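The values are calculated or read from the model by the stated rules, or taken from the named source; none is laboratory data. In this text the structure is predicted, and so the values were computed from the model without any measurement. Here the Cβ is made from the backbone with ideal geometry for all residues, glycine too, and neighbour counts use every protein chain on show. Heads up: the accessible areas ignore ligands, DNA and RNA and are worked out on the full protein's heavy atoms, side chains in. Shrake-Rupley method; radii C 1.70, N 1.55, O 1.52, S 1.80 Å.
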Amino acid sequence: MSNITFTMIKPEAVEAGNTGAILNKIESSGFRIVAMKKVLLTKERAGEFYSVHKERPFYSELVDYMSSGPIIAAILEKDNAVADFRELIGATDPSEAKPGTIRYEYAESKGKNAVHGSDSDDNAQIEANFHFSQEERF
Ligand code: DAT
Ligand code: MG
């Protein structure tokens, strides 16, 4: 059965002009773009999105970074979308990401790691709903 995941292309990758290359990799890996937009998150919105991490030491750095420039937010559809997308993006720390993964190719550091990917089907739904209404999905 086809299901969804949620992704963001993060500020450093958008700023570096890697949006097209990353979207090409996503589509050529079999993901269908259901919804997509470019958006500048306020600190408040970024903080809400990452609220599960609010007790972690890197939380304020993460919120500052994710609100520092525009991101591309998208809902992606594929069989086994969540797990397959985590495989495509690679490890959180790009120095541990496998060659060929998006983070291996485009991430700058563990914090500035080019892309977000949902970690479960439940979180994919929550994150997709955070950014998109039903009317924005095709
Ligand atoms: P992932 O994005 O691979 O799911 P995560 O959910 O553990 O990783 O963390 C969310 C984001 O927070 C991650 O993409 C980058 C940032 N981050 C995680 N660990 C970090 C650390 N030790 N130092 C700085 N930023 C970190
Ligand atoms: Mg995560």
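Things to note:
- Residue in segment 3-19 that is within 16 Å of ligand 1 (Cβ to nearest atom), free of Cβ contacts under 8 Å to residues at least 12 places away in the same chain and not aromatic (Phe, Trp, Tyr) present: no
- Single condition Gly90 does not satisfy, out of (1) among the small types (Gly, Ala, Ser); (2) within 19 Å of Thr19 (Cα to Cα); (3) more than 16 Å from ligand 2 (Cβ to nearest atom): (3)
- Selected residue (only one of Gly47, Gly69 is more than 16 Å from ligand 2 (Cβ to nearest atom), at pLDDT 95 or above and more than 14 Å from the chain's Cα centre (by Cα)): Gly69
Here is a yes/no grid of residues against (1) more than 10 Å from ligand 1 (Cβ to nearest atom); (2) outside any helix (DSSP H, G or I); (3) surrounded by 15 or more Cβ atoms within 10 Å (Cβ to Cβ):
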{"position": "Gly47", "(1), (2), (3)": "yes, no, yes"}
{"position": "Asp64", "(1), (2), (3)": "yes, no, no"}
{"position": "Ala73", "(1), (2), (3)": "yes, yes, yes"}
{"position": "Glu87", "(1), (2), (3)": "yes, no, no"}
{"position": "Thr92", "(1), (2), (3)": "no, yes, no"}
{"position": "Pro99", "(1), (2), (3)": "yes, yes, no"}
{"position": "Lys110", "(1), (2), (3)": "no, yes, no"}
{"position": "Asn113", "(1), (2), (3)": "no, yes, yes"}
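- Any hit, segment 113-120, residues being out of contact with any His (no Cβ under 9 Å at 6 or more places or on another chain) and away from ligand 2 (no atom under 14 Å from the Cβ): no
- Looking across segment 30-45, the residues that are touching a residue at least 40 places away in the same chain (Cβ under 8 Å) and open to solvent by less than 90 Å² (accessible area, probe 1.4 Å) come down to Gly30, Phe31, Ile33, Val34, Ala35, Lys37, Val39.
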